[in-house]
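The values are calculated or read from the model by the stated rules, or taken from the named source; none is laboratory data. On a predicted model such as this, the values are computed, not experimentally measured, just so you know. No Cβ is skipped: glycine too gets one built from the backbone with ideal geometry, and neighbour counts run over all protein chains shown. Note: accessible area is taken over every heavy atom of the protein model, side chains too, but ligands, DNA and RNA are not part of it. Shrake-Rupley method; radii C 1.70, N 1.55, O 1.52, S 1.80 Å.
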Amino acid sequence: MSARTGKVLGLGIAATGLAHFAAPAAFEPVTKMAFADDVRNWTYRNGATELAIGLAIAARPTRKAGVAGLAVYAGWLAKRVLSRR
């Protein structure tokens, strides 16, 4: 991944994380698929996680850890959604 791609991808993920706080209602239908209980709280938790992962990917020294974190986070969310079906 080029430095520019990493920065753009990371900042995009971080911006999505921040959007969870600015407009939580927009994320609640998706959040509810994985976390039916306490949806607003989980919306904020997911936003904070995405913000942290995005910032890690955007910075070259922490990019590998950020990508690994993104993979683990995506897998965990997928498991939560599939287990609720």
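Using only the Cα atoms of the chain, construct the convex hull and provide its projected area averaged over every direction, in square nanometres to one decimal.
Over all viewing directions, the chain projects a mean Cα-hull area of 5.3 nm².
How high is the relative contact order of the chain, in percent, with contacts defined as C-alpha pairs under 8 Å that are six or more residues apart?
In percent, rounded to a whole number, it is 37.
Where does each of 55-67, 30-42 land if you order them by average Cβ count within 10 Å, highest first?
55-67, 30-42
If you roll a 1.4 angstrom probe over the protein chains with everything in place, what fraction of the accessible area of the chain belongs to carbon and sulfur, to the nearest %?
On the way: 3490 of 5310 Å².
Here carbon and sulfur together make up 66 percent of the probe-accessible area.
Give me the net charge of Lys32's neighbourhood, meaning all other residues with Cβ under 14 Å from the Cβ of Lys32; Lys, Arg count +1, Asp, Glu -1.
+2
With charges set only on the Cβ (+1 for Lys and Arg, -1 for Asp and Glu), what does the dipole of the range 42-85 come to about its Cα centre, in debye to the nearest 20?
Details: 8 positive and 1 negative charges, 34 e Å.
The dipole magnitude comes to about 160 debye.
Among Gly69, Gly17, Gly54, determine the one that fluctuates most according to a GNM of the chain built with springs between C-alpha atoms less than 10 Å apart.
Gly69
Could you work out [θ]222 nm for the chain from helices alone, using -39500 (n - 2.57) per DSSP H run of at least four and dividing by all its residues? Round to the nearest 500 deg cm²/dmol.
My calculation for the chain gives -28500 deg cm²/dmol from helical runs alone.
Taking 0.36 nm per residue of separation and subtracting the Cα-Cα distance, what length does fully extending Val72 through Ala48 add?
That works out to 7.1 nm of additional length.
Quickly work out the Phe21-to-Thr5 label distance, labels modelled 7 Å from Cα along the C-beta direction, and quote it in nm with one decimal.
Result: 3.0 nm between the two label points.
When ligands, DNA and RNA are left out and all protein chains stay put, how many square angstrom of accessible area per residue does the chain have with a 1.4 Å probe?
For the chain, the solvent-accessible area averages 62 Å² per residue.
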